[in-house]
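Before any comments, here is the structure.
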Amino acid sequence: MKLLGGLQPSAVVQGAVLGYPSPIAAGQPHLMVGDPGRCPGDASLTIAIFDDSGSVAGPAGSDPVSNRYAEARAAFDALARRCRCGQCHAAVLHFDLVGGAGPLPLKRRVPGSLSQALTIPPDACGCSLLGPSLAAASRIVEGAPSARDLALVVFSDFQLFDADLERVLADMADFPGEVQAVALGANPDIGGLDPGITVTRLTANDPPGALGRALLRSLAHGRPGARIPPDPSGMAL
Ligand SMILES: [Zn+2]
């Protein structure tokens, strides 16, 4: 296993990104997600939105044990370990608009509230609407005028039930920064996504860390020296 930047410990990680038999708990070996490089000097903000609906998180869903959250945490950890500027911010939102956190700086460590937001909220209903969290992301951006490098990452199977889905997907494409759709499961419904959106498809067959690397590619956008291993379904950086 190749070490990247001397920062990522080599570790044996079992299981797959999705469909892993048990979540990777805190304290277990770091997932190999890569090196996000150096802080660019400008303020940045990455907003991650998570779909906790039954088709993703249910017993027969595309990520029934919520390993996506352990992988997302690994990506945030990787950036935090490299941030010295205090201007690299992240926010976490859920489709249900409960249990979110941020934006907060990721300097040296992931803030506790942001880390705690990386789980299925206990009071989540599992709605399949993207519109409300997308609107919340827009409000966060409006409240962070100094953030020059913006990124949005939506983790979903895109089996969405928004009343005006076409409008919602247009709004997603109009986000004023890089937009990545991480399409979960074997049958994501990504036909309506704008071609300007980067689509990363992940299934149970992808290697451990693929979801974390997908998030880290957005977190590391514009960062000099970023080195993130390629995945079959994702682009290298
Ligand atoms: Zn930084």
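Structural remarks
- Taking Lys and Arg as +1 and Asp and Glu as -1, the other residues whose beta-carbon sits under 12 Å from that of Ile197 total -4.
- With a simple spin-label model that places each label point 7 Å from the Cα along the Cα-to-Cβ direction, the separation between Glu166 and Ile190 comes to 2.3 nm.
- Assigned charges on the beta-carbon of Lys, Arg, Asp, Glu; region 113-237 dipole about Cα centre (debye): 580 debye
- Shown here for region 46-80: chymotrypsin sites (Phe, Trp or Tyr not before Pro) in loop regions (DSSP other than H, G, I, E, B) with at most 11 other Cβ atoms within 10 Å, of which there are none.
- Charge sum, other residues only, whose C-beta stays under 9 Å from Ala124's C-beta, Lys/Arg counted +1 and Asp/Glu -1: -3
- Potential extension, Arg227-Ala60 segment - 0.36 nm per residue separation minus Cα distance: 56.7 nm
- Counted by Cβ distance under 14 Å from Asp52, the other residues give a net charge of -4, where Lys and Arg count +1 and Asp and Glu count -1.
- Rel. contact order, % - alpha carbon contacts under 8 angstrom, at least six apart, region 44-219: 27 percent
- Sparse-neighbour loop sites [chymotrypsin sites (Phe, Trp or Tyr not before Pro); region 143-221; at most 15 other C-beta within 10 Å; DSSP]: Phe161
Every number in this text was worked out from the coordinates using simple rules, so none of it is lab data. None of the values given here were measured: they were computed from a predicted structure. Neighbour counts are summed over all protein chains in view; Cβ atoms, including those assigned to glycine, are modelled from backbone coordinates with ideal geometry.
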